1. Across the range 172-182, what is the number of residues that are closer than 17 Å to residue 205 by Cβ and either of a type in the set (Lys, Arg) or without any contact (Cβ under 8 Å) to a residue 24 or more places away in the chain (or both)?
2. Can you name the residue in the range 232-252 that is closer than 22 Å to residue 97 by Cα and over 13 Å from the mean Cα position of the chain (by Cα) and is also surrounded by the fewest Cβ atoms within 10 Å (Cβ to Cβ) among such residues?
3. Which of the residues belonging to the range 205-243 are acidic (Asp, Glu), over 16 Å from residue 276 (Cβ atoms) and modelled with pLDDT under 95?
4. What pairs come up if the first residue lies in the range 136-163 and is in the same structural domain as residue 98 (by TED's automatic domain parsing) and outside any loop (DSSP other than H, G, I, E, B), the second is at pLDDT below 85 and among the hydrophobic types (A, V, I, L, M, F, W, C), and their beta carbons are under 6 Å apart, counting only those six or more places apart or on different chains?
Amino acid sequence: MNWDDLRIIAAVRDEGTYAGASARLRIDETTVGRRLARIERSLGLRLFEAADGVRRPTRQCEMVLAHVQAMSAHADEIGRIRESLPGPVGRLRIASTNAVAEEVLAPRANEFLRVNPGLTLQFLTSSDNVKFSRWEADLAIRLRKPDKGDFAISKLAEVRLYFFEPINVGAGGPVTCAYPDELEGIPEMQFLRARRIRARCVTDNVRVIRTLIQSYQAAGVLPEYGSAELLADRRLRATLLPKRRDVWLLVQNHLKRDAATRATIDWLRGCFHDVSQGA
């Protein structure tokens, strides 16, 4: 059943004619008749009888309308919930890599949600890009700028990158970690190529690279977020890369002016600003 269809039943009962229901609901009179006939077929019930030019509800219709009235009351209550909550209200799906969600967003989500009780965030984490054309997410954080797409795109941040290597290592030197060939255009890979460093461990998972570096037998490039312990470790040498990694924000076009979306975008920008400031 469809809520709009149920509203038609109530309008015909209240107005007594298709024309009256049409004017009340601001839809075509023939549409009222067609949709009411469809409802009757679906329910297997006759809802109205014509008498003296007026559509009078049958006993079965009155039973249906009792439920419609209850549903209408519940809908009003739901509306009042929105009014009772301070700030923006909504549910937003944010797609990002695991590292961004774990290291940048999650540590700062609790405070944001606490001061915005009407908001719900759903984190979608994957190394694969969501398909915005299929509405798989409302916002997405990407580490490479998309070539094209039917969405709003803006630069979210520029992230510092560090090459970590052990100060003391055994014969043969450290095992160097790198990203897959399809990411050859990113600053991390450009740095390794410029140094003519041959990668012996290939992964797109920064946690794997970080774990290997913490063994003091491996080297690799990591973003600043999630690297505080490595930067403070005196057994490691950290070299700041000359180039930063651009971070891009994608937003569904129809949500650009939505209050909940705007609040969330401001929060996302604040998250990456905190990272750049070492907060």
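The values are calculated or read from the model by the stated rules, or taken from the named source; none is laboratory data. Computed from a predicted structure; not experimentally measured. Backbone-built Cβ (ideal geometry, glycine too); neighbour counts: all protein chains shown.
1. 2
2. Step one: of the range 232-252, the residues closer than 22 Å to residue 97 by Cα are 241, 243-252.
Those left that are additionally over 13 Å from the mean Cα position of the chain (by Cα): 241, 243-248.
Working: 241: 17, 243: 13, 244: 16, 245: 18, 246: 16, 247: 23, 248: 16.
It comes out as 243.
3. Answer for the range 205-243, where residues must be acidic (Asp, Glu), over 16 Å from residue 276 (Cβ atoms) and modelled with pLDDT under 95: just 229.
4. Between residues of the range 136-163 that are in the same structural domain as residue 98 (by TED's automatic domain parsing) and outside any loop (DSSP other than H, G, I, E, B) and residues that are at pLDDT below 85 and among the hydrophobic types (A, V, I, L, M, F, W, C), the close pairs are 140/130; 151/132.
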